[in-house]
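The values are calculated or read from the model by the stated rules, or taken from the named source; none is laboratory data. All values reported here derive from a predicted model rather than from experimental measurement. Cβ placement follows ideal geometry from the backbone for every residue including glycine, while neighbour counts extend to all protein chains displayed. Surface areas here come from the heavy atoms of the whole protein model, side chains and all, with no ligands, DNA or RNA. Shrake-Rupley method; radii C 1.70, N 1.55, O 1.52, S 1.80 Å.
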Amino acid sequence: MAQLEGRLISIRGIVQGVGFRPWVYRLAHQAGIRGGVRNDSTGVSIEAFGTSTDLAHFVRQLEKTPPPAAAIAELSWEAIPAQERSAFEIEQSQAGNEHRVSIPADLATCESCLEEIFDPTNRRYRYAFTNCTDCGPRFTIVREVPYDRPATTMAVFDMCPRCQAEYDDPSNRRFHAQPNACPDCGPQLRLLNAHGSEVPTKDPVATTARALRDGHIAAIKGLGGFHLACDATSSPAVSLLRRRKRRDAKPFAVMVRNLEAAEALAILSDGERELLRSVERPIVLAPLRDSTPLAPEVAPGISLVGLILPYTPLHHLLLADTGQPLVMTSANLSEEPIAYRNGEALERLRGIADLFLLHDREIETRCEDSVARVVGQAPMLIRRSRGYVPRPLRLRRPLSAPILACGAHLKNTFCIAFRDQAFLGPHIGDLETLEAVDAFRAAVDRMERFLGVKPEIVAHDLHPEYQSTIYARSRSEVTKVAVQHHHAHVASAMAEYGLEGNVLGVAFDGTGYGGDGTAWGGEILLARGAEFERLATLRPIALPGGDLAIREIWRLALALLDDAFGQDAAAIDLPLFRGLSDHQVEIVRTMIHSGLHTPMAHGAGRYFDATAALVLGRASARYEGQAALEWNLAAAPDEQGVYPYEIDDALSPWQIDLRPMTRAIVEDLAAALPAASISARFHNTIVAASEAVVRAAIRQVGRVPIVLTGGCFQNPILAAGLRERLESEFEVFLPSRVPPGDGGISLGQVLVADSQARS
Ligand code: ZN
Ligand code: ZN
Ligand code: FE
């Protein structure tokens, strides 16, 4: 008989609360291994005893086939003395022994559960709350830590004997599946009409599906909040939703039954397919097919659609019954936080939804759908929320003290970090309303409680009037660190990639407080720890009327022309200005010249907006980023032309001067060059000018890693284009797991605050 050997196997990564131990248990049984598995403070450890052949096989299997929601970051083992054990066991983790931070993110329905809900002979047939250790709600139902059923909103449901038996059986897929439930003992669906009265039905999902097919709008309680749904192929239904939701143009996300249905609507790359199918289930932006059956009102005027696959049994059933792609948009008015409580939804969505598909499993923490895109062949998170939160990001080295970073103003997320882990909170949205600010406070409180951490340092944006700054200043912690917006953008990418020392950051976005009375946003920074040096920036343009100019982008176009042509600007006659009165134009021109209510802005985003207005003849943007997105999608792929630009290195910081480009664009317009060519040339020019200034900066500061970040780098032409130009010679990093936009700011604030604390 072969010699008995022992191994202590340590596994780090996402291995708690994702069905890891039962899976190890099953593998051990198959491989004839004895011993045990338990959670510990860093992950999972396994004591394994068997022959060396069996042990080797066991370890290979561990590495090869982890459960769908798990991710092994590190697997190591050492030999230990052999022991005679009678079985392989799942050992209970001692309270306090397990990491406090073991709350997993919400997981999309797994294949096994899916089979059950569509199997008429299964006891969970059509049961909308089916889940197991591989899938189901997690973060959104947790009230307290440690993550255990009594600490979740499932506590009110007593498991029936059959569910309890599954829960107690280590060989069962539902062993310690905290939200385990069945039709006999778990949450139930209810259907209410527009007035909040019960709709009598045996099958609320089938009835809702019928109503959706008939063109009605339904509010549907999901995992992290309510969605508003309607038939995405019906123009009248989508238009009705737009009118009622008072959202006239911003694209809606569309949920499709499966990957095949997604392919019918959009052209997908492997990367997009992978993102769509991932257990995190983000909304994935993809180019629409010309022949798409979607109603044009889903994404008016743009050739991109946000697709998402079902991630709860309720979604799967609904999509199967409806047989159509469904608009699935966050249930809120404009940028308010998503509705997530039954009573609140009925109140806030009155007059919008014809039907309310509710259930009695409470959502404890609201968490909106995440959004991702493939940029230059790599995935890029644009909004990091449901499915990813509260999964920590590992920092390169432990922090000197626990830090709370309060993030930016728009697309807010906060971050709590301690030791070598950073926990980004869920997407809160724009801190423009009282409600959003309340949601922000509540989310910070809850995360502190979950993590059991008392921050010692509070980081915030440099802008004194941001609500996130005001909140940070109101906290009792003694140490507050203000971090410049673009420095935080660059530091965020540094944190994601574990970069230290000097880093050259290209931070292009719409706007960020510069501290010098202008808005920044076209910045080339040299970041070094707590400090940064502003090496170069875009020549600022006037924002006549301040924020008004961000919506009424014709004002920016006027400022751009005025800057490029001076006295001669008035003579330029373009279709853009024909819909405006001479009086309007004159007022704005006067503002530009006098500087009254006219801040100066360096934001790269403003150049995209202004040029889009000029060339596409679009006078106003109906949602943030609309013009820039249309401008990006307009670009002809094969156009190689580049407009002239200048880099003024006599100034400090240097300035990228795009006035020669503006003059050339006006010439192209006069020559009736198609917008597609002008757009491509514009993009090529931004890439070329950025490359030139980066190279000049590197000559100055020496060879250092380069990060490309800020909301503008969601634009694939800019991101992939600039990276391509630089990566053959330099190390270039684009954000991937953390949004390049303001949703990633809080992580960067953590890193800067830590550097400051050390210095
Ligand atoms: Zn499952
Ligand atoms: Zn049950
Ligand atoms: Fe920004």
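Per-residue answers, yes or no, for (1) closer than 16 Å to Leu525 by Cβ; (2) open to solvent by less than 40 Å² (accessible area, probe 1.4 Å); (3) polar (S, T, N, Q); (4) within 16 Å of ligand 2 (Cβ to nearest atom):
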| residue | (1), (2), (3), (4) |
| --- | --- |
| Ala692 | no, yes, no, no |
| Val704 | yes, yes, no, no |
| Glu729 | no, no, no, no |
| Gly743 | no, yes, no, no |
Output for Cβ contacts, cut-off 6 Å, separation at least six or different chains, first residue touching a residue at least 60 places away in the same chain (Cβ under 8 Å) in the range 690-717, second open to solvent by 30 Å² or more (accessible area, probe 1.4 Å), reads Val693/Ile647; Val704/Asn502; Pro705/Glu731; Val707/Phe733; Gln714/Ile382
Going through the range 256-270 in order, the residues found to be open to solvent by 40 Å² or more (accessible area, probe 1.4 Å) and either assigned to a helix (DSSP H, G or I) or among the small types (Gly, Ala, Ser) (or both) are Glu260, Glu263, Ala264, Ser269, Asp270
Selection from the range 112-170 of residues more than 13 Å from ligand 1 (Cβ to nearest atom), open to solvent by less than 40 Å² (accessible area, probe 1.4 Å), modelled with pLDDT of 95 or more and aliphatic (A, V, I, L, M) yields Ala128, Ile141, Met154, Met159
On the basis of being touching an Asp or Glu at 6+ places or on another chain (Cβ under 8 Å) and either without any contact (Cβ under 8 Å) to a residue 60 or more places away in the chain or in a loop (DSSP other than H, G, I, E, B) (or both), does Arg273 make the cut?
no
Yes or no: the range 631-651 includes at least one residue that is buried (at least 20 other Cβ atoms within 10 Å of the Cβ), touching a residue at least 60 places away in the same chain (Cβ under 8 Å) and assigned to a helix (DSSP H, G or I).
yes
Subset of the range 290-301, residues surrounded by fewer than 16 Cβ atoms within 10 Å (Cβ to Cβ) and modelled with pLDDT of 95 or more, comes to Pro293, Pro296
In contact with a helix residue (DSSP H, G or I) (Cβ under 8 Å, 6 or more places away or on another chain) and crowded, with 24+ Cβ neighbours inside 10 Å - does that describe any residue in the range 472-482?
no
Can you say whether Asp461 is at pLDDT below 95, of a type in the set (Asp, Glu) and out of contact with any strand residue (DSSP E or B) (no Cβ under 6 Å at 6 or more places or on another chain), as far as the supplied structure shows? no
Only one of Leu326, Leu333, Leu304 is buried (at least 18 other Cβ atoms within 10 Å of the Cβ) and within 27 Å of Ser234 (Cβ to Cβ), namely Leu326
Of the residues in the range 120-153, those that are of a type outside the set (Ser, Thr, Tyr), in contact with a Lys or Arg (Cβ under 7 Å, 6 or more places away or on another chain) and within 16 Å of ligand 2 (Cβ to nearest atom) number 2
Those helices (runs of 4 or more DSSP H) completely within the range 662-759 that have 1 or more residues that are within 16 Å of ligand 1 (Cβ to nearest atom) are none
Is it fair to say Val453 is over 21 Å from the mean Cα position of the chain (by Cα) and part of a strand (DSSP E or B)? no
Taking first residues from the range 737-759 that are among the acidic types (Asp, Glu) and second residues anywhere that are surrounded by fewer than 24 Cβ atoms within 10 Å (Cβ to Cβ), the pairs with Cβ under 7 Å that are 6 or more apart or on different chains are Asp742/Leu410; Asp742/Lys411; Asp754/Leu399; Asp754/Ser400
Of all strands (runs of 3 or more DSSP E) fully inside the range 285-391, the set with 1 or more residues that are of a type in the set (S, T, N, Q) is 326-330
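Please note which strands (runs of 3 or more DSSP E) are completely contained in the range 1-100 and include at least 1 residues that are crowded, with 20+ Cβ neighbours inside 10 Å. Step through it out loud before you land on a result.
Working: elements: 5-14, 34-40, 43-50, 71-80, 88-90.
Here the list reads 5-14, 34-40, 43-50, 88-90.
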